[in-house]
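*Asks:* Below is the structure I would like to discuss, written out as structure tokens.
The values are calculated or read from the model by the stated rules, or taken from the named source; none is laboratory data. Computed from a predicted structure; not experimentally measured. Here the Cβ is made from the backbone with ideal geometry for all residues, glycine too, and neighbour counts use every protein chain on show.
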Amino acid sequence: MTSPSRENILGSIRKALSENHVPMPFPEADKLTSFFATDNKSMEEKFAFEFNKLGGKFVYCADESEMIQQLSALADTLKWDHIHVKDSFLLQLFKEHHLDFIQEGSDMRNIEVGLSLCECLIARTGSTILSSGQDYGRALPVYAPIHITIAFANQMVWDISNAVTLLQEKYKNNLPSMLSLTTGPSRTADIEKTLVVGVHGPKEVYVFLVDKNWKK
């Protein structure tokens with residue numbers, strides 16, 4: 001039960017707030033579409049620049065055929081015998097092109113390379129948003145020492161606010177239980193202030209951007 005003296009104090013505060021309204025110091029801020037300076041780069045160029053600066057490896061592909069060619073060449077060069085994939089769309093695409101190194105399954109105990117789709121790419125920071133709402137779930141982007149993301153042109157947005165809008169439009173009121181914003185390879189300097197890469201996630205990250213819209 002609220003004491004009379006406490007209720008009197010709260011009542012005085014409410015009255016003072018209503019009578020002495022403080023105007024917003026920068027009302028023009030509500031009209032801004034972005035708080036960050038832009039440059040003359042396209043979103044694709046900006047993402048590639050920021051992603052590479054963080055230690056990621058960016059690969060541009062004109063279409064799915066070029067993506068498959070680039071992926072096959074990379075797997076051959078780096079001697080990747082198995083790339084773990086769980087996305088049904090990608091599995092079907094790779095099956096049509098008879099890629100023997102693509103491995104389907106849920107056993108990730110000996111996983112070396114994981115490959116997946118994403119929710120979207122954020123150009124301003126070179127980040128990727130993944131979620132538990134997609135076929136790969138929570139584990140694949142964390143377990144794989146090397147993670148490859150396949151993204152399409154209509155998944156590129158400028159900033160995280162645009163990414164949130166995109167996710168809300170896609171999932172409505174049923175957002176996935178996990179949304180992960182990843183920016184470059186996993187790294188930490190918590191141990192004796194020494195930078196260590198690949199502690200809490202992949203030590204190498206690739207993004208293959210396919211320059212065509214993905215029909216989800």
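*Asks:* For region 55-100, what are the residues that are over 25 Å from Lys203 (Cβ atoms), of a type in the set (A, V, I, L, M, F, W, C) and in contact (Cβ under 8 Å) with a residue 60 or more places away in the chain?
*Replies:* If the condition is that a residue be over 25 Å from Lys203 (Cβ atoms), of a type in the set (A, V, I, L, M, F, W, C) and in contact (Cβ under 8 Å) with a residue 60 or more places away in the chain, then Ala62 is the only one that fits.
*Asks:* Which of the following residues is over 20 Å from Val210 (Cα atoms) and in contact with a strand residue (DSSP E or B) (Cβ under 8 Å, 6 or more places away or on another chain): Gly105, Gly133, Gly137?
*Replies:* Gly105
*Asks:* Also, quick follow-up: Would you confirm whether any residue within region 88-109 is within 17 Å of Leu130 (Cβ to Cβ) and either basic (Lys, Arg) or touching a Cys at 6+ places or on another chain (Cβ under 7 Å) (or both)?
*Replies:* Taking every residue of region 88-109 in turn, none turns out to be within 17 Å of Leu130 (Cβ to Cβ) and either basic (Lys, Arg) or touching a Cys at 6+ places or on another chain (Cβ under 7 Å) (or both).
*Asks:* Which of the residues belonging to region 74-111 are exposed (fewer than 10 other Cβ atoms within 10 Å of the Cβ), assigned to a loop (DSSP other than H, G, I, E, B) and of a type outside the set (Ser, Thr, Tyr)?
*Replies:* Lys79, His98, Asp107, Arg109, Asn110
*Asks:* Counting just the residues of region 101-143 that are of a type in the set (D, E, K, R) and over 21 Å from the mean Cα position of the chain (by Cα), which one comes out nearest to Pro202 (Cα to Cα)?
*Replies:* For region 101-143, the residue satisfying everything is Arg109.
*Asks:* For Thr165, are the conditions met, namely being modelled with pLDDT of 90 or more and either assigned to a loop (DSSP other than H, G, I, E, B) or among the basic types (Lys, Arg) (or both)?
*Replies:* no
*Asks:* Working carefully through the options Phe26, Phe35, Phe58, find the one that is at pLDDT 70 or above and either loosely packed, with under 15 Cβ neighbours inside 10 Å or not aliphatic (A, V, I, L, M) (or both).
*Replies:* Phe58
*Asks:* Please pick out the residue among Gly137, Gly114 that is within 29 Å of Tyr171 (Cβ to Cβ), in contact with a Pro (Cβ under 8 Å, 6 or more places away or on another chain) and modelled with pLDDT under 95.
*Replies:* Answer to the selection: Gly114.
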